[in-house]
Amino acid sequence: MANIHIHPGWLLPEREVTPEFVYWNRRAFLRAVGMGAAALGLGGCGPRLGGPAERVQGDGAKAASDVAAMEPKDPLDTIPPTPTLDLYPAVRDPRFELDRPVTDRIVAATHNNFYEFLTDKKGVWRHTGPFRARPWTVEIAGLAEHTGTYDVADLEREFGLEERLYRFRCVEAWAIAVPWTGFPLRKLIAKAQPLSAAHYVRFVSFLRPDEAIGQRTQSWYPWPYYEGLRLDEAMNELAFVATGIYGAPLPKQHGAPIRIALPWKYGFKGPKSIVRVEFVRGQPRTFWNDLATDEYGFYSNINPDVPHPRWSQKTEEVVGTGERRPTLLFNGYGEWVGQLYDAKLLTYRS
Ligand code: MTE
């Protein structure tokens, strides 16, 4: 990978390494950047990845000032102009009830993982100003009868929108509970009509370094973000395509205008701001698995008994209140998805 800027500040002593996505094992890092340890001058500690945009070298200073000029006024000033506003708020589907209060809207809008912009969760929204999230098209591609490119607004009107209260659990052991607006992924799959040779679905997020500062400055990530599901997982009633949250279109930091929400899997399995849905024969590679194979499995179903190699998954912290709750197998959605997995898929980091 060209133009890798290594900031000395990333080289942290081992004691400062915390269980977050921003750290990963050294081998995976070296593989990701395609360089040897000697070339990078890394010592025995893992690199800290990312950091505020202002820290980048080269044209980073100009980029940072551009971003500052376009900075949204507040965390909800990031909802893009949406031609389907009349569809919001959508009617709530009563099948999905929560065992906890809905997370405060601003708390959720200021606690985001969206590395295309920033690795610091609190600041992602501030950096989304240049990102043009509408109009937006999604390409349906690969092994399907009906491939093509569709405007998100047309899909929203064709499928109709509903609201679902879902729990959401990040692999970093924090949790929120949010009302998503959108439609079941199975509706999109039914429209595409996958061929019998298609066994998996692959999702690809946007690649626009001009609009997403993290894509410009964090060149060691294999952009664009990519994820995947087995086709029967994708067809499960729970698998949801979200175009909105809290009764309004998605703010950019939540993955406007269209993202995937899979409440029984760790959050990284749900890619944001997707541009492509592709039906494929074999198990697709995934962004985090390529970066740290031992840490982020393809299945990554929420499971308190399978610890992350660097931290326990027994409990989770509720964002906003700090409450600690026991982690539930499949995040408590076992009756919906338990039948998808045999015991083998629950014994390793799946
Ligand atoms: N999708 C893209 N394109 N880029 C990302 O960095 N982060 C993932 C997931 N989808 C990510 C992504 C992770 S790690 C999490 S926990 C969730 O988005 C966070 O979603 P939220 O910020 O809307 O809560």
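The values are calculated or read from the model by the stated rules, or taken from the named source; none is laboratory data. Everything numeric here is computed off the predicted structure, so don't read it as measured data. Counting neighbours? That spans all protein chains shown, and the Cβs are built from the backbone with ideal geometry, glycine included.
So the values come out like this:
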quantity: Within segment 143-182, tally of residues that are among the β-branched types (Val, Ile, Thr) and within 11 Å of the ligand (Cβ to nearest atom); calculated: 3
quantity: Segment 224-257, residues that are buried (at least 22 other Cβ atoms within 10 Å of the Cβ) and aromatic (Phe, Trp, Tyr); calculated: Tyr225, Phe240, Tyr246
quantity: Filter result for Ala133 (farther than 29 Å from Glu323 by Cα, in contact with a helix residue (DSSP H, G or I) (Cβ under 9 Å, 6 or more places away or on another chain) and within 13 Å of the ligand (Cβ to nearest atom)); calculated: yes
quantity: Subset tally (residues that are basic (Lys, Arg) and crowded, with 17+ Cβ neighbours inside 10 Å) for segment 68-115; calculated: 1
quantity: Any helices (runs of 4 or more DSSP H) falling wholly within segment 199-313 and containing at least 1 residues that are of a type outside the set (Phe, Trp, Tyr), more than 14 Å from the ligand (Cβ to nearest atom) and within 22 Å of Arg157 (Cα to Cα); calculated: 231-235
quantity: Unmet requirement for Arg95, which otherwise passes all of (1) more than 16 Å from the ligand (Cβ to nearest atom); (2) not in a loop (DSSP other than H, G, I, E, B); calculated: (2)
quantity: Odd one out for Ile140 among (1) assigned to a loop (DSSP other than H, G, I, E, B); (2) under 21 Å from Gly270 (Cβ atoms); calculated: (1)
quantity: Test: Asp232 is more than 30 Å from Lys314 (Cβ to Cβ), modelled with pLDDT of 95 or more and not aliphatic (A, V, I, L, M); calculated: no
quantity: Answer residue from segment 179-211, given it is over 17 Å from Leu231 (Cβ atoms) and within 15 Å of the chain's Cα centre (by Cα) and is surrounded by the fewest Cβ atoms within 10 Å (Cβ to Cβ) among those; calculated: Leu207
quantity: Hits in segment 275-288 (condition: crowded, with 20+ Cβ neighbours inside 10 Å and more than 16 Å from Glu233 (Cα to Cα)); calculated: Phe287, Trp288
quantity: Scan of segment 74-88 for residues that are out of contact with any Ser or Thr (no Cβ under 7 Å at 6 or more places or on another chain) and in a loop (DSSP other than H, G, I, E, B), ordered by number; calculated: Asp74, Leu76, Asp77, Ile79, Pro80, Pro81, Thr82, Pro83, Thr84
quantity: Residue that is without any contact (Cβ under 8 Å) to a residue 60 or more places away in the chain and either surrounded by fewer than 20 Cβ atoms within 10 Å (Cβ to Cβ) or not in a helix (DSSP H, G or I) (or both), where the choices are Tyr150, Tyr166; calculated: Tyr150
quantity: Filter result for Leu118 (in contact (Cβ under 8 Å) with a residue 24 or more places away in the chain, in contact with a helix residue (DSSP H, G or I) (Cβ under 9 Å, 6 or more places away or on another chain) and crowded, with 20+ Cβ neighbours inside 10 Å); calculated: yes
quantity: Enumeration of residues in segment 302-342 that are among the β-branched types (Val, Ile, Thr), out of contact with any strand residue (DSSP E or B) (no Cβ under 6 Å at 6 or more places or on another chain) and crowded, with 16+ Cβ neighbours inside 10 Å; calculated: Val306, Val337
